[in-house]
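> My questions will all concern the structure given below.
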Amino acid sequence: MVYRKPTDTEVVDAIKDALRRHGVVSSQRKMTELVLRELRRHDPDYSISEERVRRLALKNDLADVVIHGREGREKTKAGACPVCGGKTKRLRNMTVYGGTVTFGYKCNACGYWTGLKHRVPTLYIFSPKKPS
Ligand SMILES: [Zn+2]
């Protein structure tokens, strides 16, 4: 079987259609299935990864995504957001001695946050973006 890769524009349209039709989608796997169903109306050989659906939905501001996570064992490293690929920023608190201490990291693009132990995303809930 030959798999074909849809373009970003096709994926974005499919995400919009899937959200319009289904409203809140309670997992990334479900979201990907729905997007694939939309895409395959155009080409039955289309295939797409869960990660590509998530990143395109966030990058194009198509969905509000609630991220559930569990605390992992590894220490969090500053840098790229594991959810959307954006940059994470340090969360700091003032100390009583007048300095600051980092207590976690947050991504302003998608809202992912983590403490000093790396928070592993386990579930994503997608809902259509409310008109602002
Ligand atoms: Zn992010």
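> Given 0.36 nm per residue, what is the gain on full extension from Lys106 to Glu50 after removing their alpha carbon distance, in nm?
17.9 nm
> Kindly express, to the nearest 10 degrees and within the range 0 to 90, the angle between helix 8-22's C-alpha long axis and the longest C-alpha principal axis of the chain.
Orientation of helix 8-22: about 90 degrees from the principal axis.
> Still on this model: Which whole-number percent gives the relative contact order of the chain, counting Cα pairs below 8 Å spaced six or more residues apart?
29 percent
> Percent antiparallel among DSSP beta bridges with both residues in the chain, to the nearest 5?
Here the antiparallel bridges make up roughly 95 percent for the chain.
> Still on this structure, please answer the following. Over 20 Å between C-alpha atoms is what I'm after, so list which of Lys87/Lys117; Lys30/Lys129; Lys59/Lys106; Lys59/Lys129 land there.
Distance filter (> 20 Å) returns an empty set.
> Let me ask something additional. Mean shadow of segment 8-128, computed from the convex hull of its alpha carbons, in nm²?
8.3 nm²
> So how strong a dipole does the chain carry about its Cα centre when Lys and Arg Cβ are +1 and Asp and Glu Cβ are -1, to the nearest 20 debye?
It comes to approximately 520 debye.
> Moving to a separate point now. For the Cα atoms of the chain, what angle does the longest principal axis make with the long axis of helix 28-39, in degrees from 0 to 90, nearest 10?
30 degrees
> Run the Debye formula on the Cα coordinates of segment 1-54, all scatterers equal and no solvent, and tell me log10 I(q)/I(0) at q = 0.20, 0.22, 0.24, 0.25 1/Å.
-0.62, -0.74, -0.88, -0.95
> Among Tyr112, Tyr46, Phe126, which residue has its Cα positioned farthest towards the positive end of the charge dipole of segment 43-132, with +1 placed on the Cβ of Lys and Arg, -1 on the Cβ of Asp and Glu, and the dipole taken about the Cα centre?
Value computed over the given set: Tyr112.
> What's the extension gain from Val24 to Ala78 if we count 0.36 nm per residue and subtract their Cα-Cα distance?
Full extension from Val24 to Ala78 adds 16.3 nm.
> Based on the alpha-carbon set only, what is the convex hull volume of segment 69-126 divided per residue, in Å³?
Measuring per residue, one finds 89 Å³ for the Cα hull of segment 69-126.
Each reported figure results from applying straightforward, stated rules to the coordinates on display, with no laboratory input. Computed from a prediction, not measured in an experiment: that's the story for all the values here. No Cβ is skipped: glycine too gets one built from the backbone with ideal geometry, and neighbour counts run over all protein chains shown.
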